[in-house]
Amino acid sequence: MTQSDHIIPRDQHRVSRKDISDNALKVLYRLNKAGYDAFLVGGGVRDILLGLHPKDFDITTNATPEQIRGLFRNSRIIGRRFKLVHIMFGRDIIEVATFRAHCDSNIEQAKDGMILRDNVYGTIEEDAERRDFTVNALYYSVKDFSVHDYCGGLTDLRKRQLRMIGDPETRYREDPVRMLRAVRLATKLDLTIEEKTLAPIAELAPYLEQVPAARLFEEYRKMFLAGKGEATFKALQQHGLLGKLFPATEALLAEHQDFEIFIHAALENTDKRIASDNTVNPAFLIAVLLWQPLLERAHQLETKGMNFNDAFFKSMGRILGEQGQCISIPKRYSLVIRDIWALQVRLPQRHGKKVWSVLGHPRFRAAYDFLMLRAESDPSLREIADWWTKFQDADKETQHAMLPKGRRRKGGKRRRKPKGDR
Ligand code: ATP
Ligand code: MG
């Protein structure tokens, strides 16, 4: 193949400047003007070719991070796994990476083939080869408006298939997160995972255990909070990957149909919220996914003689601790999860001052939504859920009329177990 076979001129593809954000265009033009090659790459080009609106724009160039930094005052070099430059336009961040080589001698690899560090710059062809899927290795230039395709990504897009560049097994061993990306991108883009790309996943799923828990939290967000959470959950289950992310959840799904209904109701609800531009807190779904494991654990402690309240609160910490081994949950989110759970115990107790403190709790709304979703798989919660639906929006007079009259409950310090949980 000649060089020109890889270059598709402007009139033979559908990528146009109007699909690209002004900020991304600014970066591309300035790099070109300074004499560097610069391309839009990855999800940006892929999504435009599929007729979708990219959620972010990644740029790659032959300029080094220091050279890029020199061209943009509003930029900073960030050194996560690789050295990248972030160019800030207010809240919009354009990520610029230097062409990376895929040169074995420069890569530090662990015994099992996982890449620990690579940061050596290369040519655009080398850069293409170390990307994950062919459809992610398409480059768009604003110099001549051509698309560069070094790995057959355009043909695969036409076939609507997701195909790994190189030998899939080797590439998954290098970076097991690529298995999650395969499932996520196929679901998001409605692509079929090509046979050889799919085949090793079942066997290599355990490699996910070696991925740092913090990185998996970022992947969790992309998988579950990008609008296709329910479909992605099913796909992860189907490909045997769910248990590597949420082991306690997966272990209980088969025997608890109501738990599965609860999870799907929550995922569907999250997808709908995202579709209508509502905010979603990453904590909420984790609280859902760990709810049955929490109840089971509390029950185990109860059978050993602990009272329900102590068992429930003790189990919260344990379940979160165990989940944190796989996917790290930043403290600001684990606190929200605890609040949502703790409020499940308080919501059924509708008497006295407690009602007002529950209503005024900063997590009331999330806890109420959680209860509503639980009620979808547990009719015994319907009455309590409906009561709170009415109560929270009622005027003061109606609210007072809804509260039990007169007698206060004696010795009411002890919290009861959440109603309907067994
Ligand atoms: P999204 O629509 O979720 O942003 P994306 O493909 O753009 O999808 P990013 O995480 O933004 O995902 O990555 C940008 C590009 O970087 C990818 O298209 C791919 O070319 C490359 N890339 C990302 N992660 C990997 C990986 N684990 N291994 C190899 N290449 C990767
Ligand atoms: Mg992207």
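A few remarks follow.
- Placed amide H near residue 42: partners under 5 Å, 5+ positions off or other chain: 138
- Residue 120 long-range amide H proximity, modeled H, under 5 Å: 101
- Counting heavy atoms of the protein chains alone, residue 318 has an accessible area of about 100 Å² for a 1.4 Å probe.
- Residue-wise HN-Hα coupling along the range 284-298, computed from phi with Karplus coefficients 6.51, -1.76, 1.60 (Hz; x: Gly, Pro): 4, 5, 5, 4, 5, 5, 9, 5, 5, x, 5, 5, 4, 5, 4
- With all protein chains modelled, accessible area of residue 26 [1.4 Å, Å²]: 110
- Tensor-based shape of the range 153-248 (alpha-carbon gyration tensor, a/c under 1.5 rounded, otherwise prolate or oblate): oblate
- Convex hull volume per residue, computed on the Cα atoms of the range 3-161, equals 125 Å³.
- Each Lys and Arg Cβ is given +1 and each Asp and Glu Cβ -1; about its Cα centre, the chain then shows a dipole of about 2800 debye.
- When the Cα gyration tensor is reduced to axis lengths a ≥ b ≥ c, the ratio a/c is 1.5 or higher for the range 1-65, and with a/b not above b/c it is classed as oblate.
- Dipole check for the range 32-80: with +1 at the C-beta of Lys and Arg, -1 at the C-beta of Asp and Glu, and the Cα centre as origin, the magnitude is about 200 Debye.
- Most mobile listed residue (279, 192, 232) in the chain, GNM with C-alpha springs under 10 Å: 279
- Listed by chain and number, the lysines placed with their C-alpha closer than 30 angstrom to that of residue 244 are 55, 83, 111, 188, 196, 222, 228, 234, 272, 304, 314, 331; residues fewer than eight positions away on the same chain are left out.
- Per-residue surface analysis assigns residue 364 an accessible area of about 10 Å², computed on protein heavy atoms at 1.4 Å probe radius.
- Our coupling estimate for the range 357-371, obtained by passing each phi through the Karplus curve with A = 6.51, B = -1.76, C = 1.60 and θ = phi - 60°, is 6, 5, 4, x, 5, x, 9, 4, 4, 5, 5, 5, 4, 4, 4 Hz, Gly and Pro reported as x.
- Fluctuation leader among 212, 379, 404 - the chain, Gaussian network, Cα springs under 10 angstrom: 404
- Of the Cα atoms belonging to the chain, the radius of gyration and Dmax stand at 25.6, 88 Å.
- Cα-based helix-to-principal-axis angle, 213-224 vs the chain, degrees rounded to 10: 90
- Pairwise centroid distance, computed over Cα atoms, of the range 151-165 with the range 55-81, Å: 28
- Each residue of the range 135-150 was assigned a 3J(HN,Hα) from its phi angle through the Karplus curve 6.51 cos²θ - 1.76 cosθ + 1.60 (θ = phi - 60°); the sequence is 6, 9, 10, 10, 10, 10, 10, 8, 6, 10, 6, 8, 10, 9, 10, 9 Hz, with glycine and proline shown as x.
- 356, 387, ranked by accessible area, largest first (probe 1.4 Å): 356, 387
- Residue 256 long-range amide H proximity, modeled H, under 5 Å: none
- Relative to the longest principal axis of the Cα atoms of the chain, the long axis of helix 177-189 lies at roughly 90 degrees.
The values are calculated or read from the model by the stated rules, or taken from the named source; none is laboratory data. Remember, predicted model here, so these are calculated numbers, not experimental data. Ideal geometry is used to build each Cβ from the backbone, glycine not excepted, and the neighbour counts take in all protein chains shown. Please note that ligands, DNA and RNA were not included when accessible areas were found on the heavy atoms of the full protein model with its side chains. Shrake-Rupley method; radii C 1.70, N 1.55, O 1.52, S 1.80 Å.
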